[in-house]
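Single-structure report; data block below.
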Amino acid sequence: MAKPQSKLFRFFKPIKSSKERNWVLASTLGFGFLILLVFLTSLLADRLIGPKDVNNPILKEILLSSHISEIACVLAYCISTPLLEETVYRGFLLSSLASTMEWHRAVVISSAIFSAAHFSGENFVQLFIVGCILGCSYCWTGNLKSPIVIHSLYNAVTLVITFLS
């Protein structure tokens, strides 16, 4: 059971066990590692299950319908969603879990919840890996800047792949 939070908005503060570290370095390393792991899991899935279509027809239709919808989609997908999800899953959930258990267990649990909340069975493993990298970057830096940047870049890459496919 999580300890009650004594202060409102405690989740915006760094985790006690972490020191403030370079979030730009963490973002760069985290994003590079994320792309590598997603690529490797995609290769493995292609070999085990067979290739899957990366095209999201609904998202592609929104992107191609007008410039306004394209801009709105980019803003929602690359800015609003990462801000909201990182505040909830890393800032609130991971911080709360880390106050009651070891940080690496908290990362695993919050990543599993993050992955399950996306309701994508075929992408569960990749989303779990994404959640783990975002959680580790949060624990390492002690703030939400790094996971927000990594999440935004990941969503931008996903959007570009969808647009080009």
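The values are calculated or read from the model by the stated rules, or taken from the named source; none is laboratory data. Since the structure is predicted, the reported quantities are computational estimates derived from the model, not experimental observations. Note that each Cβ is placed from the backbone with ideal geometry, even for glycine, and that neighbours are counted across all protein chains shown.
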### Message
Taking the criterion of being aliphatic (A, V, I, L, M), within 11 Å of the chain's Cα centre (by Cα), part of a helix (DSSP H, G or I) and more than 15 Å from Thr81 (Cα to Cα), would at least one residue in region 134-157 satisfy it?
### Response
no
### Task
Take region 10-53 and flag every residue that is at pLDDT below 65, in a helix (DSSP H, G or I) and more than 18 Å from the chain's Cα centre (by Cα).
Arg10
### Message
Looking at Val88, Val108 in this structure, which one is assigned to a helix (DSSP H, G or I), in contact with a helix residue (DSSP H, G or I) (Cβ under 8 Å, 6 or more places away or on another chain) and either modelled with pLDDT under 95 or surrounded by fewer than 19 Cβ atoms within 10 Å (Cβ to Cβ) (or both)?
### Response
Val108
### Task
Report yes if some residue within region 115-124 is surrounded by 17 or more Cβ atoms within 10 Å (Cβ to Cβ), of a type outside the set (S, T, N, Q) and assigned to a helix (DSSP H, G or I); otherwise report no.
no
